[in-house]
Amino acid sequence: MDKSLTIIGGGIMGLSAAYAALRAGWRVQVLDRAQVPTQASWAGAGLLTAAHPRRASHPLDRLCGQSNELYERWSHDLLMETGIDNEYRRCGGYHVARSRGDLAALAGSLLEWHDNGVEARWAEPDELTQTFGAGFDPLGRVLRAVYVPDERQVRNPRHLRALRQAIDLRGGQLAQLSEGAHLIRRGNRLAVIAPGQKPIEPDHLCLCAGAWTQRMLEPCGIHLPVAPVRGQMLLYRLERLLAERILYDGNRYIVPRQDGHVLVGATVEEVGFDCSTTVEEIQRLQQFAVELHGSLSPDRMVRSWAGLRPASFDGLPYLGRLSGIENCVVATALFRHGLQLAPVFAELVVSLFNGKPLTDSLELFSPQRALNEFSNLAVELQPKRDPGANR
């Protein structure tokens, strides 16, 4: 078998697949529209949520736990290979409740963590004040919190830089696709067409194009729905490290970095491919930040940005082969788990190309579920023929 792999998408998923394939002895070429991709992979906070690799009840959570273990090994190996410290660390995190409804939800989450093998315990506001300093919760709204020791983080821009350098050192190729690049179907195989560039007919193709996956596949007549979901982020700069822990409030969070920078995020907005920031959402995030910690005043903010997360129609990622296409594996639509799942998905991609099928429990991620779902929907939506017509 020719062990040559072409990957479309130079974000965290594509770079991780390239790194895993190179480590397994494959020749690898990574293609992306941007010379240095700066979408969801770069824009995220690098959160690696706690999950048990074996005891979690849902396959997606088990994969998150397995990926956390891989991050520890990959981070060490990338540091040895490139000298770049991606600041991976098991830092722990507090999940706060600021209303009675939040408290009830947090109690449910605590039971779920315990049922799924994740260590977690209640924490009183005094403990958070000791951890985050006197500026914590200046309005006194935090009722209680849950501490989860296994919450982790990685500094994603540095991790991406380390992956790119490791790929280069291992002989992988990183190339830019021209605007308008897409896939076409030639029999039971897919080829890459880009204006002004020579067509590429890969022996093995991994599609990791994120929110642009559907656009790449449309010329093939394949409808694999992936929607862009915007997330806006803020970056603050403090004089010293705020704390070692992550601070969560529902889907929003405050992530301290070792050098005094603090990330605050994130919004969830379905606005198409609009990657701009908005005054309204930035102000909401600023208000959230200063309510949880008084040191995060607007004058400490140094920049804001937005990225587009790729989401599937049912919230689960796509991983697997496209029916009737022999040279392509899809790994995309990881939504808010992209940074976390990339290492384990990368190793699964390599296993698929090495002829090892996914286990039964991972078949729910097959892209074929979407193709079947929307094929059935198209039939249902067709106009019903009037039995009395043309009599």
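The values are calculated or read from the model by the stated rules, or taken from the named source; none is laboratory data. Predicted model only: the values in this text are computed from it and were never measured. So basically every Cβ, Gly included, is an ideal-geometry build from the backbone, and we count neighbours across all protein chains shown. Just so you know, the surface numbers come from the protein's heavy atoms only, side chains and all, with ligands and any DNA or RNA stripped out. Shrake-Rupley method; radii C 1.70, N 1.55, O 1.52, S 1.80 Å.
When Rg/Rh (Cα atoms, Kirkwood Rh) is computed from the coordinates, the matching label among (1) 1.00; (2) 0.93; (3) 1.05 is (1).
When HIS58, HIS204 are compared by accessible surface with a 1.4 Å probe, the order from highest to lowest is HIS58, HIS204. Per-residue surface analysis assigns MET301 an accessible area of about 50 Å², computed on protein heavy atoms at 1.4 Å probe radius. With a Förster radius of 22 Å applied to the beta-carbon distance between ASP299 and THR129, the computed FRET efficiency rounds to 0.40.
A Gaussian network model of the chain, with springs between Cα atoms under 10 Å, assigns the largest mean-square fluctuation among ALA21, ALA191, ALA346 to ALA191.
What's the FRET efficiency of GLU326 with ARG73 using the Cβ-Cβ distance as r and R₀ = 22 Å, to the nearest 0.05? Write out the running numbers ahead of the final one.
Working: r = 32 Å, r/R0 = 1.46.
Taking R0 as 22 Å, the efficiency between GLU326 and ARG73 is 0.10.
Compared with the dominant principal axis of the Cα atoms in the chain, helix 279-292 is inclined by about 40°.
Helix 156-169 versus the longest principal axis of the chain: what is the Cα-based angle in degrees, 0 to 90, to the nearest 10? Once rounded, one gets 40 degrees. Annotation for the stretch 170-231: trypsin sites (Lys or Arg not before Pro) lying in DSSP loop with at most 12 further Cβ atoms inside 10 Å of their Cβ do not exist. With a cut-off of 15 Å between beta carbons, the residues surrounding HIS95 carry a summed charge of -2, where Lys and Arg count +1 and Asp and Glu -1. Averaged per residue, the chain has 45 square angstrom of accessible surface, using a 1.4 angstrom probe with ligands and nucleic acids left out. Helix 100-115 and the long axis of the chain differ in direction by around 60°, with both axes built from C-alpha atoms. In the assembled protein chains, ASP150 presents an accessible area of approximately 30 Å² (probe radius 1.4 Å).
Charges only on Cβ, +1 for Lys and Arg, -1 for Asp and Glu: so what's the dipole of the chain about the Cα centre, in debye to the nearest 20?
On the way: 43 positive and 43 negative charges, 147 e Å.
That gives the chain a dipole magnitude of about 700 debye.
Does a label point 7 Å from the Cα of ASP314, set along Cα-to-beta-carbon, have any residues of the stretch 50-64 with amide nitrogen under 19 Å, and which are they? The answer is 57-64.
Can you grab the distance from the C-alpha centre of the stretch 311-343 to the C-alpha centre of the stretch 209-227, Å, no decimals? Each part's Cα centre sits 12 Å from the other's. Heavy-atom accessible surface of CYS220, to the nearest 10 Å², is about 20 Å², with a 1.4 Å probe and all protein chains retained. From helices alone, the chain scores -10000 deg cm²/dmol at 222 nm; the rule is -39500 (n - 2.57) for each run of n ≥ 4 DSSP H residues, then divide by the residue total. Considering only GLY135, GLY355, GLY307, the mean-square fluctuation computed in a Gaussian network model of the chain, springs between alpha carbons under 10 angstrom, is largest for GLY355.
Are there any trypsin sites (Lys or Arg not before Pro) in the stretch 6-106 that are in a DSSP loop and have at most 12 other Cβ atoms within 10 Å? List them by number.
Values: sites: ARG23, ARG27, ARG33, ARG54, ARG55, ARG62, ARG73, ARG89, ARG90, ARG98, ARG100; in loops: ARG33, ARG54, ARG55, ARG98.
Listed in order of number, the matching sites are ARG54.
If R0 equals 35 Å, the separation of the Cβ atoms of LYS3 and SER57 corresponds to a calculated FRET efficiency of about 0.45.
Take ASP274, project a point 7 Å from its Cα along the Cβ direction, then tell me which residues of the stretch 287-323 have their backbone nitrogen under 20 Å from it. Under cut-off, by backbone N: 304-311.
Going by the alpha-carbon gyration tensor, a ≥ b ≥ c the square roots of its eigenvalues, is the stretch 55-136 rounded (a/c under 1.5) or, if a/c is not under 1.5, prolate (a/b greater than b/c) versus oblate? Intermediate values should be presented prior to the final figure.
Numbers: a/c = 3.51, a/b = 1.42, b/c = 2.47.
It comes out oblate by the Cα gyration axes.
Taking 15 Å as the cut-off, the amide N atoms of the stretch 207-221 that come nearer than this to a point 7 Å along the Cα-to-beta-carbon line of ARG186 belong to 220. Each label was represented as a point 7 Å from its Cα along the Cα-to-Cβ direction; for TRP122 and ALA104 these points are 1.7 nm apart. Within the accessible surface of the chain, defined with a 1.4 Å probe on protein heavy atoms only, the carbon and sulfur portion equals 49 percent.
Applying both filters, DSSP loop and at most 11 other Cβ atoms within 10 Å, to the GluC sites (Glu not before Pro) of the stretch 212-283 gives GLU239, GLU270.
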